[in-house]
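Q: Let me give you the structure first, and then I'll get to my questions.
The values are calculated or read from the model by the stated rules, or taken from the named source; none is laboratory data. Computed from a predicted model, the values in this text were never measured in an experiment. Methodologically, a virtual Cβ is constructed for each residue, glycine included, from the backbone with ideal geometry; neighbour enumeration extends over all protein chains shown.
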Amino acid sequence: MRKTALILAAAAVLLSAGCTKNAVDFPSIAFAPVAEKATKAIIEGATYPTTESFMVSAYYEGTSAYFENLNASYNSTLSLWETSTAEYWPLQGSLTFNAYSPSSASGVTITSDGVTAMDYTVQTAAQMATDLCYGSYTVPDCASHPESVPLQFSHALAQVLFKVKAASYYENTSLSMTSLSMDGICSVGDFTGSAWENQNTEFNYALHGISTVLTYDGTTPVTTDVCSYLFVPQTLGPNAAINVGYSVDFGGGRILNNPPVKVALGGTITEWEPGKKYIYTLNIGLDNVITISASTVGWSDQGYNIIVEES
């Protein structure tokens, strides 16, 4: 009788507090994350990779911390993502989930207002290949909660792809791009909510140092993909420039090793925005004349994708 009374008393306490974590009901809170746009680690469509984990916090009625800063990883038995400690749905009210990916991202915090990254820095090769994603989802009535939270991630950084081709003049020679670097790009910024500000610290990026032979399809120059990296979104300042080094083998031992040619970057595209991809095609012409054509496309267009390469 005493045991029955205790169970009934505990149930009464749970029912009287809507935001009490309801460990009586099963299952615990689980997630089915998706990416807003395809990424490198995401092989098909927008399926979040099972090898990745993210940090997540939950806020009752949008303000009160229900749980905070838990690592959510893939549970192969449930085919869903679960937090490092089991968390259960409240009996009523709403829950807002804010999250960022990857879970190893440095200097990122979660509050009831969303994700914040102060002095977020992109300088090293690992940082240039690791995306920062953020997501939020609200379950308005936890009494009828979904089986899993469809948490959608958006990209906070800008993706920049470089291509190169030779002028028709070089058809009967061997032209190679030997180096590619970029100057005057802000490498640090503050991310709050979904916007960037306080971009600073101009940095010189070494992008590509492997000699790349440029080819032809008959007499038509072939456009070759060089590299693709992630950067802090920003307005391109007057110092933003790309440096292209190349060599020409005319045969008979006649080789021209040309020092890098600097070309201003802020032409038709003056701003890199989060979640967008910018394609720069470099055309190596005569007498150190290198022209740039640029375009903006969706993150996953044309099959060039990057994200979450933790090192």
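Q: I'm checking my understanding of the structure. Among residues of the range 260-290 that are at pLDDT below 90 and surrounded by fewer than 17 Cβ atoms within 10 Å (Cβ to Cβ), which one is farthest from Gly209 (Cα to Cα)?
A: The qualifying residue farthest from Gly209 (Cα to Cα) is Thr268.
Q: Pick from Ser181, Ser176: which is out of contact with any helix residue (DSSP H, G or I) (no Cβ under 8 Å at 6 or more places or on another chain), over 30 Å from Ser57 (Cα atoms) and either at pLDDT 95 or above or of a type in the set (Lys, Arg) (or both)?
A: Ser181
Q: Something else about it: Just give me the residues in the range 220-233 being among the polar types (S, T, N, Q) and part of a strand (DSSP E or B), in sequence order.
A: Just the residues of the range 220-233 that are among the polar types (S, T, N, Q), to begin with: 220, 223-224, 228.
Hits for the range 220-233 are Thr220, Thr224, Ser228.
Q: Mind checking which residues of the range 170-219 are outside any strand (DSSP E or B), touching a residue at least 12 places away in the same chain (Cβ under 8 Å) and not acidic (Asp, Glu)?
A: Tyr170, Thr173, Gly193, Ser194, Gly209, Ser211, Leu214, Thr219
Q: What is the number of the single condition among (1) in contact with a Ser or Thr (Cβ under 9 Å, 6 or more places away or on another chain); (2) at pLDDT below 80 that Ser53 does not meet?
A: Among (1) in contact with a Ser or Thr (Cβ under 9 Å, 6 or more places away or on another chain); (2) at pLDDT below 80, Ser53 violates only (2).
Q: Restricting to the range 81-108, count the residues that are touching a helix residue (DSSP H, G or I) at 6+ places or on another chain (Cβ under 9 Å), within 25 Å of Gly193 (Cα to Cα) and of a type outside the set (Gly, Ala, Ser).
A: Count: 1.
Q: Now, a different point. Kindly indicate the residue of the range 185-210 that is of a type in the set (A, V, I, L, M) and surrounded by fewer than 16 Cβ atoms within 10 Å (Cβ to Cβ) and also farthest from Thr121 (Cα to Cα) among those meeting that condition.
A: In this case the residue turns out to be Ile210.
Q: Any residue that is within 22 Å of Tyr120 (Cβ to Cβ), touching a strand residue (DSSP E or B) at 6+ places or on another chain (Cβ under 8 Å) and small (Gly, Ala, Ser) - is there at least one of those in the range 211-232? Spell out the reasoning first.
A: Start the filter on the range 211-232 by keeping residues that are within 22 Å of Tyr120 (Cβ to Cβ), which leaves 227-232.
Now drop any that are not touching a strand residue (DSSP E or B) at 6+ places or on another chain (Cβ under 8 Å), which leaves 227-232.
Going one step further and asking which of them are small (Gly, Ala, Ser), we end up with 228.
Within the range 211-232, one or more residues are within 22 Å of Tyr120 (Cβ to Cβ), touching a strand residue (DSSP E or B) at 6+ places or on another chain (Cβ under 8 Å) and small (Gly, Ala, Ser).
So that you can scan it fast, the table gives a plain yes or no per residue for (1) crowded, with 20+ Cβ neighbours inside 10 Å; (2) in contact with a Gly (Cβ under 6 Å, 6 or more places away or on another chain):
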{"site": "Thr51", "(1), (2)": "no, no"}
{"site": "Ala58", "(1), (2)": "yes, no"}
{"site": "Glu61", "(1), (2)": "no, yes"}
{"site": "Asn75", "(1), (2)": "no, no"}
{"site": "Ser84", "(1), (2)": "no, no"}
{"site": "Leu91", "(1), (2)": "no, yes"}
{"site": "Ser94", "(1), (2)": "no, no"}
{"site": "Gly107", "(1), (2)": "no, no"}
{"site": "Asp113", "(1), (2)": "no, no"}
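Yes/no per residue for (1) touching a strand residue (DSSP E or B) at 6+ places or on another chain (Cβ under 9 Å); (2) within 30 Å of Asn204 (Cβ to Cβ):
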site	(1), (2)
Leu78	yes, no
Glu82	yes, no
Ser106	yes, yes
Thr124	no, yes
Ala158	yes, yes
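Q: Still on this model: Listed residues Ala129, Ala167, Ala143, Ala158; which is farther than 22 Å from Asn69 by Cβ and either surrounded by 21 or more Cβ atoms within 10 Å (Cβ to Cβ) or of a type in the set (Lys, Arg) (or both)? Can you show your working first?
A: Numbers: Ala129 fails: either surrounded by 21 or more Cβ atoms within 10 Å (Cβ to Cβ) or of a type in the set (Lys, Arg) (or both); Ala167 fails: either surrounded by 21 or more Cβ atoms within 10 Å (Cβ to Cβ) or of a type in the set (Lys, Arg) (or both); Ala143 fails: either surrounded by 21 or more Cβ atoms within 10 Å (Cβ to Cβ) or of a type in the set (Lys, Arg) (or both).
Just a single option satisfies the conditions, and that option is Ala158.
Q: Let me ask something else about it. Based on this model, can you work out whether Thr85 counts as within 22 Å of the chain's Cα centre (by Cα) and either charged (D, E, K, R) or more than 14 Å from Ser187 (Cα to Cα) (or both)?
A: For Thr85, the condition - within 22 Å of the chain's Cα centre (by Cα) and either charged (D, E, K, R) or more than 14 Å from Ser187 (Cα to Cα) (or both) - is not met.
Q: Any idea how many residues of the range 99-137 are over 20 Å from Ser73 (Cα atoms) and either hydroxyl-bearing (Ser, Thr, Tyr) or touching a Cys at 6+ places or on another chain (Cβ under 6 Å) (or both)?
A: The qualifying residues number 6.
Q: With the requirement that a residue be part of a loop (DSSP other than H, G, I, E, B), closer than 28 Å to Pro90 by Cβ and in contact (Cβ under 8 Å) with a residue 24 or more places away in the chain, what does the range 103-153 give you?
A: Taking the range 103-153 and keeping what is part of a loop (DSSP other than H, G, I, E, B), we get 103-107, 112-113, 122-124, 129-132, 140-141, 145-148, 150-151.
If we keep only those that are closer than 28 Å to Pro90 by Cβ too, we end up with 103, 112-113, 140-141, 145-148, 150-151.
Of everything in the range 103-153, those that are part of a loop (DSSP other than H, G, I, E, B), closer than 28 Å to Pro90 by Cβ and in contact (Cβ under 8 Å) with a residue 24 or more places away in the chain turn out to be Ser103, Ser112, Asp113, Pro140, Asp141, His145, Glu147, Ser148, Pro150, Leu151.
Q: Right, next: Of everything in the range 226-249, what is among the hydrophobic types (A, V, I, L, M, F, W, C), closer than 24 Å to Ala156 by Cβ and in contact with a helix residue (DSSP H, G or I) (Cβ under 8 Å, 6 or more places away or on another chain)? Give them in sequence order.
A: Leu230, Phe231
Q: Additional query: Please go through (1) of a type in the set (A, V, I, L, M); (2) more than 25 Å from Asp287 (Cα to Cα); (3) touching a Pro at 6+ places or on another chain (Cβ under 7 Å) for Val244 and return the number of the only condition it doesn't satisfy.
A: (2)
Q: In the range 91-102, which residue that is in a strand (DSSP E or B) and farther than 11 Å from Tyr59 by Cα is nearest to the chain's Cα centre (by Cα)?
A: Going through the qualifying residues, I end up with Ser101.
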